[in-house]
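Single-structure report; data block below.
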Amino acid sequence: MHDERRIQATVNGAEHEVTVPVRLTLADLLRQKLRLTGTHLGCEHGVCGACTVLVDGVAVRSCLMLAVQVDGHEVTTVEGLADGENLHPIQQAFMDHHALQCGFCTPGLLTSIIDFLGQNPTPTREEATEAVSGNICRCTGYAGIVDATLAAAEALRAEDRPR
Amino acid sequence: MKPAPFRYHDPSTVDEVVTLLGRLEEAKVLAGGQSLMPLMNLRMTGFDDLIDLKGVQELQGITVTSDQVTIGSMTRQRACEHSDALAEALPILREALGYVGHPQTRNRGTIGGSLAHLDPTAELVGVASVLDAQIIARSTAGERRIPFDRYPEMTFVPDLTDQELITEVVFPRWPEDHGWAFEEFAPRHGDFAIAAAAALVSLNAEGAIDRIAVALLGMSEIGVRVGDLEQEWRGQKPSEALFAGVAEHVRRFDATPDIHGPAAYRQHLAGVLAQRALRHACDRAGSRLHA
């Protein structure tokens, strides 16, 4: 009963065709098959948020999806956020506001926040605080993370302003 | 590998799903995966065949009519949260969804999946109870409409056979100017609720109660309603005495002690939440009356 399937997925803009065991999780596809180890495993049962990636632009727990479920879909991981040397505004904001220390939770937070700001471009501090509550951070105490989220929201709004 | 081996099926129609369920001995259905995948990863569940519903388009969708809302079982919680039509027709659903896990889990989690899993403190269970929802299930033997008060058998065990698939959930609507509230206590936002209360109230032109429904989560009986009180209170005006009365009534419901505390703790908590939910629902109904 060791079924395998051939799947095609676009990961960080690159098309991949790969044969996977049907029970392989999306997280393990990214980390083991595609060697994109920026996506981290904290609990592997959906509560810590470290494995959060974007599937078709929507933040999901990659430990709770099967690799076969992204056949024909687009996945964005932390490795796909920067544009060459140019950091994504949320990455820059994390640096500016000391929103990371060990960095283990960071990839999951970045993807979660990108989805959040896409839904709510003008969050209040309270909304931003609630938005990151699905990702556990043991180092920072969250203040810098919330500051970075609000700063990134402002930076993203500024990008959209007609010049 | 996290989960144990299984055979994977990804059907495209409900007919294909129920045929598989009728044929396979040890099969599980995969909806949003936010409850089942953790169990699989922790190897706390065993099955030979996994039937993934992600390709079954007919299970998606929200239909709003003047007297009811029908939600396809695979409709994502995120879609329900963002639907303005749903917010207008079933405002308590949007409020309750804000307490369901976290945005990332709501992006995949489904309405049907949560109700099929039947965690006794699931917010959607409370909403289905207070709204007298109907669970529509299909198998090769046909369709069954299960009223929610008969649906939970016990924790994690609904009145569904292994061959049945929940296709949709029907929620009857309340009058347009009804009041609603969902109050919850959990150790942290997004954690499983220790107790929660869902309240709906409809006032007549004089401001007296025309109809009322209150459901509790966290007590021994899953999604328990306050029963006779709902009839007794018709014709009465909302008051602090009434709200205190619901708290006293709820405190007498059966509760089980666990790591969160003794039974008395849950009973007290449920009483407080029921009181707050009822007050909030009446305030909302009152302000809509005068709007």
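Every number here is computed from the coordinates shown, using simple stated rules; none is lab data. Remember, it's a predicted structure, so these values are computed and weren't measured experimentally. Because the Cβ atoms are built from the backbone with ideal geometry, glycine has one as well, and the counts that use them run over all protein chains shown.
Mean separation of Cα pairs under 8 Å and 6+ residues apart, divided by the residue count of chain A: what relative contact order is that in percent?
Working: 288 pairs, mean separation 36.9, N = 163.
Computed over chain A, the figure is 23 percent.
Rounding to the nearest 20 debye, state how big the charge dipole of the protein assembly as shown is about its Cα centre with +1 on each Lys and Arg Cβ and -1 on each Asp and Glu Cβ. Walk me through the numbers on the way to the answer.
On the way: 40 positive and 61 negative charges, 124 e Å.
Dipole about the Cα centre, nearest 20: 600 debye.
Charges only on Cβ, +1 for Lys and Arg, -1 for Asp and Glu: so what's the dipole of chain B about the Cα centre, in debye to the nearest 20?
Values: 28 positive and 40 negative charges, 124 e Å.
Taking the Cα centre of chain B as origin, the dipole is about 600 debye.
Would you kindly calculate the translational diffusion coefficient of region B:180-259, applying Stokes-Einstein with the Kirkwood radius from alpha carbon pairs, for 10 °C and a viscosity of 1.306 mPa s, and quote it in µm² s⁻¹ without decimals?
On the way: Rh = 13.7 Å.
Approximately 116 µm²/s, per Stokes-Einstein.
With just the Cα atoms defining each centre, how far is region B:22-94 from region A:128-150? Give it in Å.
29 Å
Return the loop-located trypsin sites (Lys or Arg not before Pro) in region B:244-291 (DSSP other than H, G, I, E, B) with at most 16 other Cβ atoms within 10 Å of their own Cβ; answer none if there are none.
Details: sites: B:R251, B:R252, B:R266, B:R276, B:R279, B:R284, B:R288; in loops: B:R251, B:R252.
Answer by residue number: B:R252.
Please compute the contact order of region B:49-123 in relative form: average sequence separation of alpha-carbon pairs under 8 Å and at least six residues apart, divided by the residue count, as a percent.
Computed over region B:49-123, the figure is 29 percent.
Could you pull the Rg and Dmax for chain B, using just the Cα atoms, both in Å?
19.4, 64
Stokes-Einstein D for the protein assembly as shown at 20 °C, 1.002 mPa s, Kirkwood Rh over Cα pairs, in µm²/s?
Details: Rh = 23.3 Å.
D, rounded to a whole number, is 92 µm²/s.
Please label the shape of region B:146-286 as rounded, prolate or oblate, based on the square roots a ≥ b ≥ c of the eigenvalues of the alpha-carbon gyration tensor (a/c under 1.5 means rounded; beyond that, a/b larger than b/c means prolate, else oblate). Don't skip to the end; give the middle numbers.
Working: a/c = 1.96, a/b = 1.24, b/c = 1.59.
Verdict is oblate for region B:146-286.
What is the local net charge at A:N120, summed over the other residues whose Cβ is closer than 11 Å to its Cβ (Lys, Arg +1; Asp, Glu -1)?
Values: positive: none; negative: A:D115, A:E127, A:E130.
So the environment of A:N120 carries a net charge of -3.
Considering only the other residues whose Cβ falls under 10 Å of the Cβ of B:S220, what net charge follows from Lys and Arg at +1 and Asp and Glu at -1? Before the final figure, lay out each step's value.
On the way: positive: B:R266; negative: B:E221, B:D254.
Net of charged neighbours comes to -1.
Quick query: amide H of B:L160 versus all other amide H atoms, modeled in the peptide plane; which residues come in under 5 Å with a sequence gap of 5 or more or a different chain?
none
Run a plain Debye calculation on region B:151-199 (Cα atoms as equal point scatterers, no solvent) and give log10 I(q)/I(0) at q = 0.13, 0.28, 0.29 Å⁻¹, rounded to two decimals, same order as the q list.
Evaluating at q = 0.13, 0.28, 0.29 Å⁻¹ gives log10 I(q)/I(0) of -0.59, -1.02, -1.03.
If you take every residue apart from B:R276 with its C-beta less than 15 Å away from the C-beta of B:R276, what net charge results, scoring Lys and Arg +1 and Asp and Glu -1?
Working: positive: B:R251, B:R279, B:R284; negative: B:E95, B:E183, B:E184, B:E240, B:E248, B:D283.
The answer is -3.
Using the Cα centre as the reference, give the magnitude of the dipole from point charges on the C-beta atoms of region B:1-141 (Lys, Arg: +1; Asp, Glu: -1; all else neutral), rounded to the nearest 20 debye. Walk me through the numbers before you get to the answer.
Details: 12 positive and 17 negative charges, 99 e Å.
In total the dipole reaches around 480 debye.
Would you list the membrane-span-like helices of chain B, meaning whole DSSP H runs whose alpha-carbon atoms span at least 20 Å along their axis and whose mean Kyte-Doolittle value is at least -1.0?
On the way: long enough: B:263-289 (38 Å, -0.29).
Those that clear 20 Å and a mean of -1.0 are B:263-289.
Given only helices, namely DSSP H runs of n ≥ 4 each adding -39500 (n - 2.57), what is the per-residue ellipticity at 222 nm of the protein assembly as shown, to the nearest 500 deg cm²/dmol? Could the numbers behind the result be given before it?
On the way: 15 runs with 143 residues, N = 454.
It comes out at -9000 deg cm²/dmol, rounded to the nearest 500.
Using only Cα atoms, tell me the angle between helix A:106-119 and the longest principal axis of chain A; keep it within 0 to 90° and round to the nearest 10.
Value to nearest ten degrees: 70.
Using only the alpha carbons, work out the radius of gyration and Dmax of region A:1-158 in angstrom.
Every Cα atom of region A:1-158 included, Rg and Dmax give 15.7, 54 Å.
Considering only DSSP beta bridges with both partners in the protein assembly as shown, what is the antiparallel share in %, to the nearest 5?
85 percent
So if the hydrodynamic radius of region A:83-163 is defined as the Kirkwood radius over C-alpha pairs, what does Stokes-Einstein give as its diffusion coefficient at 10 °C and 1.306 mPa s, in µm² per second? Write out the running numbers ahead of the final one.
On the way: Rh = 12.6 Å.
Result for D is 126 µm²/s.
Which of the listed residues, B:A205, B:H189, B:G223, is farthest toward the dipole's positive end in region B:186-230, when Lys, Arg count +1 and Asp, Glu count -1 at the beta-carbon?
Checked the options; the winner is B:H189.
Evaluate the relative contact order of region A:75-163 (contact order divided by residue number), counting alpha-carbon pairs under 8 angstrom at least 6 apart; express in whole percent. Can you show the working numbers first?
On the way: 83 pairs, mean separation 35.2, N = 89.
Across region A:75-163, relative contact order equals 40 percent.
Under the classification rounded if a/c is under 1.5, otherwise prolate if a/b is larger than b/c and oblate if not, where does region B:1-119 fall, given a ≥ b ≥ c as square roots of the Cα gyration tensor eigenvalues? Don't skip to the end; give the middle numbers.
Numbers: a/c = 2.77, a/b = 1.56, b/c = 1.77.
Because a/c hits 1.5 or more and a/b fails to exceed b/c, region B:1-119 counts as oblate.
Collect residues whose amide H, placed 1.01 Å from N in the peptide plane, falls under 5 Å from the amide H of B:L30; neighbours closer than 5 in sequence don't count.
Correct list: B:I51, B:D52, B:L53.
If you filter region B:1-32 for GluC sites (Glu not before Pro), then keep DSSP loop positions with at most 14 other Cβ within 10 Å, what is left?
Details: sites: B:E16, B:E25, B:E26; in loops: B:E25, B:E26.
Hits after loop and neighbour filter: B:E25, B:E26.
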